[in-house]
Amino acid sequence: MKSKIRTWCSAALALTLGFTLLSGPASVQAAGNADYNLTGFSQGNTGGGTISESDTSKYKKVYNATDLAAALKKNSGVKVVEIMNDLNLGWNEIPSTAQTSPFAKHNDALTHPVLKQTGISKLTIDSFNGLTIFSANGSKIKHAAISIKRSSNVIIRNLEFDELWEWDEATKGDYDKNDWDYITLEENSNVWIDHCTFNKAYDGLVDSKKGTSGVTISWSLFKGDDGSANSWVTQQINELEANKASYPMYNYLRSSAVGLSKADIIAISGPQKKGHLVGSTSFESANANLSMTLHHNLYKDIQDRMPRLRGGNAHAYNIVMDASGARAAKSRITSAMATAISSKGYHFDIISNGAISTESGAVLVEKSVIKDVLFPVRNNQTDPADATYTGKIQVTDTMYSLDGSSFRGNSNTSGSPLSPVPAAVKAFSWNGFSSLPYSYTTDDPATLNARLTSSSGAGAGKLTWSKDNWLKTSY
């Protein structure tokens, strides 16, 4: 594999410089505010508008779960919600005054020692037309899954989402029980998620389905767990290690039959499994309406779905998929270990997919960076011999590296490592229009690592802005 990749181009390509910048001092100038203008498929989204803080019927400052429940209750008339501080929203930690619509109890935690105490809430934002939720200081929301339904012109900015993952014994590592996503979009039009941070989750990070259209996700950070001494994953593994007999899968992984160490399991558990599922049901008629733009996002150790599209259209430009930590963690599992694990029906591994288009969906990836993703471009997830399951996907001027070798170019270049697999390639075209219905400006992908990891880069808490700036959509 390595020798083949090295024939694509010299290791001295500019990609090497791009990844050197990642660990060095930020050498890119802070972006001008105009670089943060709303663009993409959500262009024209007004959110809640530029409402004055003095208008207390439409502008609500939220300090706790009770405040949030009142502000986001259906037909509340609220247009702007400012999150003033971190919010712990688990069902067992919010007061009884908040245990009402739009909050509901979510699936119980089974293994994580913290979540078993806090519980999980589902927060449903339903039938809002014009709503902005933001924090001026990058506040954190924990222990809650947010579902946005039947709404339009919704904006979420400068928030961090955390602590919504636990070890899965119930489905033997398939993560098919709890259905905890940080944000799920259903039957919406015009949603902009900007300058947010998403930590490791049980299921998806931001999923979009049931024909949701007009989604833009920009300048956001999606990341796995870093495995540090008190990280969320480490806390979980400490619990399993202290009670091996209660957790058969974990106990087997630690047994001599497999031979993984506690440190191995922490490292392998760290990367986030799923990014963006766009269209949750195969061949659903509403999938034709799906549309999503991803730009200036950093995906750090995400294993899959950046995005994964069923029908409709998705455009990704100036994004970075850096799975170097995930690839290093995967090397801890030997082939003998993998055989032993699968023989017991357990699922404990790291997958490595990038952008995926299926069922005639159209995905364009341009001027981006993909590092250490084994299958960067996929066009079929079901049956490569059945073209109805195959999507259209095209990559242009993107920098790809794997195990130290590098390539910069397009998916249709002869011998390109960015050529879609595993099905026969479908000619690229947009669904429903001949060209993108919005204008946008791209950066040279060689600058992206430095830019997205700089002090003005991707994620919550990076920009020190006046509140009115967070309510604007252009600068």
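The values are calculated or read from the model by the stated rules, or taken from the named source; none is laboratory data. Quantities reported herein were computed from a predicted structural model and do not represent experimental measurements. Note that we place each Cβ from the backbone using ideal geometry, even for glycine, and neighbour counts take in every protein chain shown. These area figures cover heavy atoms from the full protein model, side chains too; ligands, DNA and RNA do not enter into them. Shrake-Rupley method; radii C 1.70, N 1.55, O 1.52, S 1.80 Å.
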ask   = Any residue at all in region 150-163 that is in a strand (DSSP E or B), aromatic (Phe, Trp, Tyr) and buried (at least 23 other Cβ atoms within 10 Å of the Cβ)?
value = yes
message = If a residue must be touching a strand residue (DSSP E or B) at 6+ places or on another chain (Cβ under 7 Å), within 15 Å of GLY279 (Cβ to Cβ) and surrounded by fewer than 24 Cβ atoms within 10 Å (Cβ to Cβ), how many such residues does region 189-213 contain?
response = 3
task = Considering each of ASP174, ASP168, ASP179, ASP108 in turn, give the residue that is under 18 Å from the mean Cα position of the chain (by Cα), under 25 Å from ILE268 (Cα atoms) and acidic (Asp, Glu).
result = ASP179
Failed condition for ASN129, given (1) over 20 Å from PHE198 (Cα atoms); (2) touching a helix residue (DSSP H, G or I) at 6+ places or on another chain (Cβ under 7 Å); (3) polar (S, T, N, Q) = (2)
task = Find all pairs meeting these conditions: Cβ atoms under 7 angstrom apart; at least six residues apart or on different chains; first residue within region 38-50 and more than 12 Å from PHE134 (Cα to Cα); second residue assigned to a helix (DSSP H, G or I) and open to solvent by 20 Å² or more (accessible area, probe 1.4 Å).
result = THR50/ASP468
note = Taking first residues from region 165-180 that are touching a residue at least 24 places away in the same chain (Cβ under 8 Å) and of a type in the set (Gly, Ala, Ser) and second residues anywhere that are open to solvent by less than 10 Å² (accessible area, probe 1.4 Å) and not in a loop (DSSP other than H, G, I, E, B), the pairs with Cβ under 7 Å that are 6 or more apart or on different chains are GLY173/MET249
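Restricting to region 369-387, and then to whatever is outside any strand (DSSP E or B) and within 12 Å of LEU418 (Cα to Cα), can you tell me which residue is most open to solvent (accessible area, probe 1.4 Å)? Even if it seems obvious, please write down each step before you answer.
Initially, region 369-387 is screened for residues outside any strand (DSSP E or B), giving 372-374, 379-387.
Checking the rest, the ones that are also within 12 Å of LEU418 (Cα to Cα) come to 373-374, 379.
Numbers: VAL373: 2, LEU374: 54, ASN379: 1 Å².
Going through the qualifying residues, I end up with LEU374.
For every residue, the table says whether it meets (1) open to solvent by 70 Å² or more (accessible area, probe 1.4 Å); (2) in contact with a Leu (Cβ under 7 Å, 6 or more places away or on another chain); (3) in a loop (DSSP other than H, G, I, E, B).
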| residue | (1), (2), (3) |
| --- | --- |
| TYR440 | yes, no, yes |
| LEU448 | no, no, no |
| LYS462 | no, no, yes |
| ASP468 | yes, no, no |
inquiry  = Among the residues of region 325-341, are any more than 29 Å from GLU169 (Cα to Cα) and crowded, with 20+ Cβ neighbours inside 10 Å?
reply    = no
task = Sort out which residues of region 343-357 are in a loop (DSSP other than H, G, I, E, B) and either open to solvent by less than 40 Å² (accessible area, probe 1.4 Å) or closer than 23 Å to ASP322 by Cβ (or both), and write them in order of number.
result = GLY345, TYR346, PHE348, ASP349, ILE350, ILE351, SER352
query = When you go through ASN313, ASN289 one by one, which is the residue that is touching a residue at least 60 places away in the same chain (Cβ under 8 Å), open to solvent by 10 Å² or more (accessible area, probe 1.4 Å) and either closer than 21 Å to VAL365 by Cβ or out of contact with any Leu (no Cβ under 7 Å at 6 or more places or on another chain) (or both)?
reply = ASN289
message = Given the condition of a type in the set (Phe, Trp, Tyr), assigned to a helix (DSSP H, G or I), touching a residue at least 60 places away in the same chain (Cβ under 8 Å) and under 22 Å from LEU110 (Cα atoms), answer yes or no: does some residue in region 234-248 qualify?
response = no
